[in-house]
1. Can you spot a residue in region 210-220 that is at positive phi and in contact (Cβ under 8 Å) with a residue 60 or more places away in the chain?
2. For residues in region 257-272 being in contact with a helix residue (DSSP H, G or I) (Cβ under 7 Å, 6 or more places away or on another chain) and within 15 Å of the ligand (Cβ to nearest atom), which is farthest from MET95 (Cα to Cα)?
3. State yes or no: is GLY242 at pLDDT below 95 and out of contact with any His (no Cβ under 6 Å at 6 or more places or on another chain)?
4. Here's a check for you: in region 139-156, which residue that is touching a residue at least 24 places away in the same chain (Cβ under 8 Å), of a type outside the set (Gly, Ala, Ser) and surrounded by fewer than 24 Cβ atoms within 10 Å (Cβ to Cβ) is nearest to the ligand (Cβ to nearest atom)?
5. Can you say whether LYS130 is of a type in the set (Lys, Arg), in contact with an Asp or Glu (Cβ under 8 Å, 6 or more places away or on another chain), in contact (Cβ under 8 Å) with a residue 12 or more places away in the chain and not in a helix (DSSP H, G or I), as far as the supplied structure shows?
6. Output the number of the condition that GLY88 fails; it satisfies all remaining conditions of (1) buried (at least 23 other Cβ atoms within 10 Å of the Cβ); (2) more than 20 Å from the chain's Cα centre (by Cα); (3) not in a helix (DSSP H, G or I).
7. Pairs only if they're at least six apart or on different chains, beta carbon under 9 angstrom, first in region 76-99 and farther than 19 Å from LEU61 by Cβ and in contact (Cβ under 8 Å) with a residue 40 or more places away in the chain, second surrounded by fewer than 16 Cβ atoms within 10 Å (Cβ to Cβ) and of a type in the set (Ser, Thr, Tyr); list them, first residue then second.
Amino acid sequence: MAFDSLSEKLQEAFQSLKGKGKITEEDVNLALRQVRTALLEADVNFMVAKDFVKSIKEKALGEEVFGSLNPAQTVIKIVNDELTALLGGTQSRIMISSKPPTIIMLVGLQGAGKTTTAGKLAVYLRKQGKHPMLVAADVYRPAAITQLQVVGKQIDIPVFADETPGANPVDIARRAVEQSTHMLKDVVIIDTAGRLAIDEVLMDELSNIKAAVRPHEILLVVDSMIGQDAVTTAQTFNEKLGVDGVILTKLDGDARGGAALSIKAVTGLPIKFTGVSEKMDGFDVFYPDRMASRILD
Ligand code: GDP
């Protein structure tokens, strides 16, 4: 499970502080060096790890850790707060339009988990009392349309698709939004095409869909297992398209957690949800404070 190894290493780092009635600046320095190594081993961005440790040190000195009754606890509390901030601070909700339909566009590289996530998001929103529909806007791989239809059937959510050869994804997205009102659907989730790497043609197409339907949320679906490449991907999508948040998939298979810990600091984008299994209910709202506590537990 993600963060297990980081969690263990952080415990080790604090072990030397625990049980000490008084700790010196040198004790804190030693523990923080271990924290930094633990972060780097978790594939956290180098600058992010450096700033993180620096900030903890400043706070530790400021909060008079050295004179406190339980100095180890005080340091751990500071680390907990900083870790929460690093993971995004507060929970980031998705924007639900007061005037339906709410339009959500999912973007990302091929294999990131877009289609699966489209289904998961629909199930999640249905549980919130919404009436979602799915849109197959990846027209280049016929299998992609079929895959979304299979997902839709499995979870009993309608899928808007056009299998006519040469169908235009911008047109499909626009028509789907028009249809949503007749279908009594108040959330439209658009599954867009992905590529193995980011290219101009893909970005232009996504920009055209964005201009045509003006989504309330553009969510980047990114595979946490690719570590720092996930961060770079998020940065590029955000620069070229403008993204509102990230859905980090496959956290169940990510032993390190470096992407989760670096994305917000590097790109400014909040993680809104995580994917934690292949199943349709393997989807969680991302709470930075809960994740931080879990890591330090
Ligand atoms: P797309 O190309 O971006 O649409 O990606 P898919 O939705 O087809 O997903 C690619 C693979 O990742 C599939 O085998 C999914 O079952 C798997 N997958 C997606 N999300 C998760 C997740 O959160 N955890 C795990 N373990 N597998 C996932």
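The values are calculated or read from the model by the stated rules, or taken from the named source; none is laboratory data. As the structure is a computational prediction, the values presented were derived from the model and not from experiment. Every residue, glycine among them, receives a Cβ derived from its backbone with ideal geometry; neighbour counts consider all protein chains shown.
1. Start the filter on region 210-220 by keeping residues that are at positive phi, which leaves 214.
Filter again for in contact (Cβ under 8 Å) with a residue 60 or more places away in the chain, leaving 214.
Among the residues of region 210-220, at least one is at positive phi and in contact (Cβ under 8 Å) with a residue 60 or more places away in the chain, which makes the answer yes.
2. Ranking the qualifying residues of region 257-272, first place goes to GLY257.
3. Values: at pLDDT below 95: no; out of contact with any His (no Cβ under 6 Å at 6 or more places or on another chain): yes.
Judged against the criteria, GLY242 is not a match.
4. Keep residues of region 139-156 that are touching a residue at least 24 places away in the same chain (Cβ under 8 Å), which gives 139-141, 144, 147-148, 151-152, 154-155.
The next check asks that each one be of a type outside the set (Gly, Ala, Ser); those that pass are 139-141, 147-148, 151, 154-155.
Those left that are additionally surrounded by fewer than 24 Cβ atoms within 10 Å (Cβ to Cβ): 139-141, 147, 151, 154-155.
Numbers: VAL139: 14, TYR140: 11, ARG141: 9, GLN147: 6, VAL151: 8, GLN154: 12, ILE155: 13 Å.
Ranking the candidates gives GLN147 first.
5. Numbers: of a type in the set (Lys, Arg): yes; in contact with an Asp or Glu (Cβ under 8 Å, 6 or more places away or on another chain): yes; in contact (Cβ under 8 Å) with a residue 12 or more places away in the chain: yes; not in a helix (DSSP H, G or I): yes.
Against the criterion (of a type in the set (Lys, Arg), in contact with an Asp or Glu (Cβ under 8 Å, 6 or more places away or on another chain), in contact (Cβ under 8 Å) with a residue 12 or more places away in the chain and not in a helix (DSSP H, G or I)), LYS130 qualifies.
6. Failed condition: (2).
7. Short answer, once both residue conditions are applied: THR84/THR90; THR84/SER293.
A quick yes/no check of all residues on (1) closer than 18 Å to ALA211 by Cα; (2) touching a strand residue (DSSP E or B) at 6+ places or on another chain (Cβ under 7 Å):
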site	(1), (2)
VAL151	no, no
ASP156	no, no
PHE160	no, yes
ASN168	yes, no
ASP171	yes, no
ARG175	yes, no
MET183	no, yes
ASP186	no, yes
ASP191	yes, yes
